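Read the structure below first, then the notes.
The values are calculated or read from the model by the stated rules, or taken from the named source; none is laboratory data. None of these values were measured; they are calculated from a predicted model. Here the Cβ positions follow ideal geometry from the backbone for every residue, glycine too, while neighbour counts run over all protein chains shown. We work out accessible area using only protein heavy atoms, side chains counted, and drop any ligands, DNA or RNA first. Shrake-Rupley method; radii C 1.70, N 1.55, O 1.52, S 1.80 Å.
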Amino acid sequence: MGAPSQMRIAIVGGGLVGALAACYLGRRGYRVDVYERRPDPRVQDAERGRSINLALSERGLDALRRIDLVDTVMAPALPMHGRMIHDASGNMEFQSYSASGDRAINSIGRGALNETLLTAAEETPGVTLHFGVRTTAYGLPTNSLALQRGDDFEVITPDIVIASDGFGSVVRQSLEEAGRISVTTEPETTGYKELTIPARDGEFALDPDALHIWPRGASMMIALPNPDRSFTCTLFWPGEDFAALRTPEQILEHFSRVYPDAVPLMPTLVDDFQHNPVGPLATLHVDPWQADGKVALIGDSAHAILPFFGQGANCGFEDVVELDRCLDQSGDDWGIALPLYQQRRQPNGEAIAFLAKENFIEMRDKVASPTFRAMKRLEHALERALPGVYSSRYEMVSFTTIPYAEVIERDRRQRGTVLAAAVGVGAAALGTTLGLLTRASRRGR
Ligand SMILES: Cc1cc2nc3c(=O)[nH]c(=O)nc-3n(C[C@H](O)[C@H](O)[C@H](O)COP(=O)(O)OP(=O)(O)OC[C@H]3O[C@@H](n4cnc5c(N)ncnc54)[C@H](O)[C@@H]3O)c2cc1C
C-alpha cells in the first residue's frame with residue numbers, strides 16, 4: 001500500500017467514534033470519506049426521546065486531548081463529582097467518586113458531542129463527510145462497499161474500511177455472513193426510556209454536581225444534568241414492565257410509589273412515558289475485529305456494551321487512540337497495524353463488557369446498602385493511605401487509561417485484601433492489610 005496521501009479510507013458511520021476516527025486519520029494525511037446514513041445532525045434535530053447525555057471520563061478526554069479537542073468538547077460539559085442516591089422515602093445521600101473528592105465525570109449531550117466532532121472532522125484536511133448515504137453491504141476480497149443515496153446506488157472499493165456503524169453494523173453483518181468473524185449477541189431484558197426533569201424557575205431542580213440514581217432492584221432511574229439546567233433521566237426497566245403501564249393514572253401511581261421525590265420535578269412525566277420509545281440494550285461479543293488488514297470494526301460495531309459504567313463512547317474513543325498507535329508503530333502498514341489493533345483492543349472490549357454488567361448490579365442493587373457504603377468508605381481510606389498503590393475499580397475505569405483487562409486483574413488482587421480488612425478489626429489489622437497491599441501491588445507491577 002502507498003503513502004497515506006495516496007490511500008482512500010472509507011469510514012462507515014459518522015457517529016461519535018466514526019467522527020473522531022476521521023479526525024485522527026485525516027491528521028495522519030489520509031484521504032478520508034465518512035458515509036453517514038442520517039442527514040447532517042447539525043441542520044436537523046434529534047429524534048424525540050433519543051437525546052442521551054453521556055458521562056465522558058478520562059479515556060474519552062485523553063483521546064480528545066491528543067488532538068487538541070478537549071477544550072472545545074468540554075465547553076458545555078458539566079462535571080459530576082459523585083453519585084446522589086435517592087432512597088424510596090425520598091432521602092438523598094452523596095457518594096463521592098474519588099477519595100479526594102475532586103475527580104469528576106462529565107455530563108455532555110451525545111448530540112452536541114457528535115456535532116462538535118463532525119465539525120472538527122470536516123475542518124481536518126483530507127476529510128469529506130457524506131450525509132444521507134447508507135451502506136447496504138460490504139464485500140471481501142475487493143473491500144467493496146455498496147452505498148445507497150436515495151434512489152442512487154454505487155459500489156466503491158476504498159483501500160481501507162473502518163466500520164463505526166454502531167450496534168446494528170452492516171459491515172459486521174456482511175463479515176459474519178461471509179464466515180470471517182463470529183458474533184454473539186447477549187440481549188438484555190432491561191430496556192431504557194428517557195424522561196425529563198426540566199429547570200425549575202430557571203435553576204436546576206436537583207444538585208447538578210452529581211449523577212442522580214434511584215436504585216430500586218428490578219428498576220433503576222438515573223439523571224444527568226444539561227447546560228439548559230434540565231436533567232435527562234433514563235429509566236432502566238424490563239420491557240414488559242414498561243408495556244404494563246398505559247394510562248396516566250397507572251404511570252402516576254407507579255412513579256409516586258417508587259420514585260416519590262422525583263414525581264413533583266417531572267411535569268411532563270406522563271407525556272414522556274407514553275411517547276418516548278423504549279430502547280433495547282445488549283452486549284456484543286465479536287471475534288476478530290478486523291479482516292485481511294483491510295477492514296476494522298471500531299466503537300459499538302465491535303463491542304456494544306451495557307451503559308452502566310458510562311464507558312461505551314469512552315471505550316470507542318480509546319479504540320481510535322489504539323488504532324492510531326498501531327499505525328505509528330507499523331509505519332502505516334495496515335497489514336501489520338490491524339492485527340495489532342485486534343490483539344491489543346479486543347481483550348479490553350471483552351473486559352469492559354464484563355465490568356459494565358457488574359456495575360449494573362452494583363448500581364441497581366448495592367449502592368444503597370450499608371455494606372456497600374462501608375466498603376466504599378474503606379476503599380477511599382485505602383486510596384488516601386496508599387496513593388498510587390491502591391485504586392478502586394471505579395477509579396481505574398473512570399479516571400485512568402489503565403487497560404480494562406488489567407483493571408480486572410488489579411481489582412481482583414485488591415478486593416481479596418480489602419475484604420480481609422473489612423472483616424479485620426482495629427488498626428493492627430489495617431496496618432497488616434496496607435503492608436500486604438503494598439507488597440501485592442509491587443508484585444503486580
Ligand atoms: C442509555 C445509554 C446511555 C449511555 N451512556 C454512556 C455514557 O455515560 N458514557 C459513554 O461513554 N457511553 C455511553 N453510552 C454508549 C454510547 O452512546 C455508545 O457507545 C456510542 O454512541 C458509540 O458510538 P459509535 O460511533 O460506535 O456508534 P453510534 O453512536 O451508534 O453511531 C453509529 C453511526 O453509524 C450510522 N450508521 C449506522 N448504520 C449505518 C449504515 N448502514 N450506513 C451508514 N451509516 C450508518 C448511525 O446513523 C450512527 O450515526 C450510552 C448508551 C446508551 C444506550
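Screening 98, 89 for residues that are away from the ligand (no atom under 12 Å from the Cβ) and more than 21 Å from residue 231 (Cβ to Cβ) leaves exactly one candidate, 98.
Tell me, which helices (runs of 4 or more DSSP H) wholly within the range 277-388 include 3 or more residues that are among the acidic types (Asp, Glu)?
Details: elements: 300-303, 312-330, 334-361, 370-385.
Counting at least 3 such residues, we get 312-330.
Which one is surrounded by the most Cβ atoms within 10 Å (Cβ to Cβ) among residues in the range 275-334 that are β-branched (Val, Ile, Thr) and over 24 Å from residue 138 (Cβ atoms)? Please lay out each step first, then the result.
Taking the range 275-334 and keeping what is β-branched (Val, Ile, Thr), we get 278, 283, 286, 295, 298, 305, 320-321.
After this cut, where a residue has to be over 24 Å from residue 138 (Cβ atoms) as well, the list is 278, 321.
Values: 278: 18, 321: 20.
My answer is 321.
Taken as a whole, the range 144-152 holds at least one residue that is open to solvent by 30 Å² or more (accessible area, probe 1.4 Å), at pLDDT 95 or above and touching a Ser or Thr at 6+ places or on another chain (Cβ under 7 Å). Within the range 211-223, the set of residues being open to solvent by 10 Å² or more (accessible area, probe 1.4 Å) and not in a loop (DSSP other than H, G, I, E, B) comprises 211, 215, 222.
Can you find even one residue in the range 181-194 that is more than 16 Å from the ligand (Cβ to nearest atom), surrounded by 20 or more Cβ atoms within 10 Å (Cβ to Cβ) and more than 17 Å from residue 270 (Cα to Cα)?
Step one: list which residues in the range 181-194 are more than 16 Å from the ligand (Cβ to nearest atom), which gives 181-182, 184.
Cutting the leftovers down to surrounded by 20 or more Cβ atoms within 10 Å (Cβ to Cβ) gives us 181.
The next check asks that each one be more than 17 Å from residue 270 (Cα to Cα); those that pass are 181.
Checking the range 181-194: at least one residue is more than 16 Å from the ligand (Cβ to nearest atom), surrounded by 20 or more Cβ atoms within 10 Å (Cβ to Cβ) and more than 17 Å from residue 270 (Cα to Cα).
Annotation note: Cβ proximity below 8 Å between a residue of the range 28-40 that is under 20 Å from residue 67 (Cβ atoms) and a residue that is open to solvent by less than 50 Å² (accessible area, probe 1.4 Å) and of a type in the set (D, E, K, R) (sequence gap 6+ or interchain) occurs for 28/324; 28/332.
Okay, residues lined up against (1) in contact with a strand residue (DSSP E or B) (Cβ under 8 Å, 6 or more places away or on another chain); (2) outside the structural domain of residue 246 (by TED's automatic domain parsing):
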site: 273; (1), (2): yes, no
site: 276; (1), (2): yes, no
site: 290; (1), (2): yes, yes
site: 303; (1), (2): yes, yes
site: 306; (1), (2): yes, yes
site: 318; (1), (2): no, yes
site: 327; (1), (2): no, yes
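Residue check: residue 80 meets all listed conditions (1) within 15 Å of the ligand (Cβ to nearest atom); (2) open to solvent by 20 Å² or more (accessible area, probe 1.4 Å) but one, namely (2).
So that you can scan it fast, the table gives a plain yes or no per residue for (1) touching a Leu at 6+ places or on another chain (Cβ under 8 Å); (2) without any contact (Cβ under 8 Å) to a residue 40 or more places away in the chain; (3) among the polar types (S, T, N, Q):
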| residue | (1), (2), (3) |
| --- | --- |
| 349 | no, no, no |
| 354 | no, no, no |
| 360 | yes, no, no |
| 364 | no, no, no |
| 371 | no, yes, yes |
| 374 | no, no, no |
| 377 | no, yes, no |
| 384 | no, no, no |
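Residues are listed down the side, and each one gets a yes or a no for (1) of a type in the set (Phe, Trp, Tyr); (2) more than 19 Å from residue 235 (Cα to Cα); (3) touching a residue at least 40 places away in the same chain (Cβ under 8 Å):
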residue: 52; (1), (2), (3): no, no, yes
residue: 58; (1), (2), (3): no, yes, yes
residue: 75; (1), (2), (3): no, yes, no
residue: 84; (1), (2), (3): no, no, yes
residue: 87; (1), (2), (3): no, no, yes
